[in-house]
1. Between residue 297 and residue 255, what length in nm is gained on full extension when 0.36 nm per residue of separation is reduced by their alpha carbon distance?
2. Give the cross-link partners of residue 374 among the lysines, using a straight C-alpha distance below 24 Å as the criterion and excluding same-chain residues fewer than 8 apart.
3. Taking the stretch 182-250, which GluC sites (Glu not before Pro) meet the DSSP loop condition and have no more than 16 other C-beta atoms within 10 Å?
4. Go through the stretch 269-283 residue by residue and turn each phi into a ³J(HN,Hα) via Karplus (6.51, -1.76, 1.60, θ = phi - 60°); whole Hz please, and just put x for glycine and proline.
5. So for the pair residue 87, residue 138, with labels modelled 7 Å out along Cα→Cβ, what separation do we get in nm?
6. Lysines within cross-link reach of residue 204: Cα-Cα under 24 Å, excluding same-chain residues under 8 positions apart?
7. Could you work out what % of the accessible surface of the stretch 113-212 is carbon and sulfur, using a 1.4 angstrom probe and leaving DNA, RNA and ligands out of the count?
8. Under a 1.4 angstrom probe, counting protein chains only, how are 223, 349, 163 ranked by accessible area, largest first?
Amino acid sequence: MRSMEDELFPSTPGKVKIERAHTINRQLHRCFASTSTMFLWALFLIALTASYLSFQSFVDSSSRYLNASWGGMQWEKQIRESSAASRPGGMSVLVTGAAGFVGTHVSLALRRRGDGVVGLDNFNNYYDPSLKKARQAMLQSRGVFVVEGDINDTRLLARLFALVPFTHVMHLAAQAGVRYAIENPASYVHSNIAGLVTLLEVCKSADPQPAVVWASSSSVYGLNEKVPFSELDRTDRPASLYAATKKAGEEITHTYNHIYGLSTTGLRFFTVYGPWGRPDMAYFSFTRNILQGKPITVYRGKDRADLARDFTYIDDIVKGCVASLDTAEKSTGSGGRKRGPAQYRIYNLGNTSPVTVPALVNILERHLKVKAKKKVVEMPGNGDVPFTHANISLAQAELGYKPTTNLEIGLKKFVKWYLSYYGYKPRSGGLAA
Ligand SMILES: O=C(O)[C@H]1O[C@H](OP(=O)(O)OP(=O)(O)OC[C@H]2O[C@@H](n3ccc(=O)[nH]c3=O)[C@H](O)[C@@H]2O)[C@H](O)[C@@H](O)[C@H]1O
């Protein structure tokens, strides 16, 4: 049977045989000796681990630096060149979401008239990133450099502002799409809330502070039934998480305007369409399916009522964006401190003439010369609203905004672009890929 002493001084490991009481001091001595050896070993191991970890972090940071999609002398040179205006008094604009649909068109328009433009885009795969890359290539060929990065990356944003004293930020990066919010709610919070705050934090600390113009959405009107939708109508009953994040954006920008003197303008876009558009939107996916002979699903509202949208052509939206930049007053803060009240604006940018979804399909069928296989179903309760209709008198009065392209003409231009971009050739009796 093992005694208590045996328990306290086990024979293994180290084979330290207990020699009872008279040897206890020797044992203790040996014990301390082995403890100090262990201590030395422990120290050695800690030092080894520490040097391994610091070597790893050195390797990590160097490879991050080497593999990073941003950074380096060539990268900085491209940014400086791209941000330089070529007309006297031209703006220097950071366009977020520049490889997106609206971002591409706005960047081109600014560059065309001689403003400096630097784009930023994370090229996520919400829809086919090759379309975003094609837009980027087009921008590059016209002198607009698009940085690959995320608006949540504070270091990147700070670096961009350290390189360029941007006069304006055109913030168009966002998680778009009304119904996708059911599938991936976190992506809306990531881009439309967290990303917005990260960007505004950098803007408010910049010296000089830029004026910010950004994309809100017609969806903020949610369950509003008063038509046409005016900026003074209620926007506290969103029907989708997308709408809720855009509404939150309006409140968040107000906070930065109030505390830090950031000049901000929110633009409520109404279902924007056109060449180089978004493949997730109805007019685009309907076109794809019609051409491929696949069925399209047309949603219908309560009591079999057709859904309707105030579809707005991209060129009209671009004019509204550019006019907003041109009329934006300077921010009043500096280095994070407000010096006085700053401009805060919200505008509807719509077309003021809603068209039903079946009418949209008819126009596409005519332009494509192909009949659609329609499946009409009850609108699923996933965030859609039955109709949108913009009152644009405020934008008209203050921005000179006046849409000029109706859906018939706008879709004709879209279809022309679509057929050429995806390589369809006219053939007798139809089209061929
Ligand atoms: O103004 C906005 O702020 C938003 O506009 C856009 O949203 P929406 O107006 O919902 O456009 P879009 O999806 O093209 O559906 C159009 C119509 O087709 C119907 N629809 C849609 C899909 C389908 O398969 N069938 C169908 O009937 C559908 O029920 C709807 O009635 C942007 O995507 C959004 O990012 C945001 O910017």
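1. So the extension gain works out to 11.0 nm.
2. Correct list for residue 374: 294, 302, 412, 413, 416.
3. Of the GluC sites (Glu not before Pro), the ones in loops of the stretch 182-250 whose Cβ has at most 16 other Cβ atoms within 10 Å are 183, 225.
4. Residue by residue, the stretch 269-283 yields 6, 10, 5, 7, 9, x, x, 6, x, 9, x, 7, 7, 4, 4 Hz.
5. 2.1 nm
6. 246, 247, 330, 338
7. 54 percent
8. Ranked from most to least accessible, the order is 223, 163, 349.
The values are calculated or read from the model by the stated rules, or taken from the named source; none is laboratory data. Everything numeric in this text was worked out from a predicted model, so none of it was measured. Quick reminder, even Gly has a Cβ in these numbers, built from the backbone with ideal geometry, and neighbours come from all protein chains shown. Note: accessible area is taken over every heavy atom of the protein model, side chains too, but ligands, DNA and RNA are not part of it. Shrake-Rupley method; radii C 1.70, N 1.55, O 1.52, S 1.80 Å.
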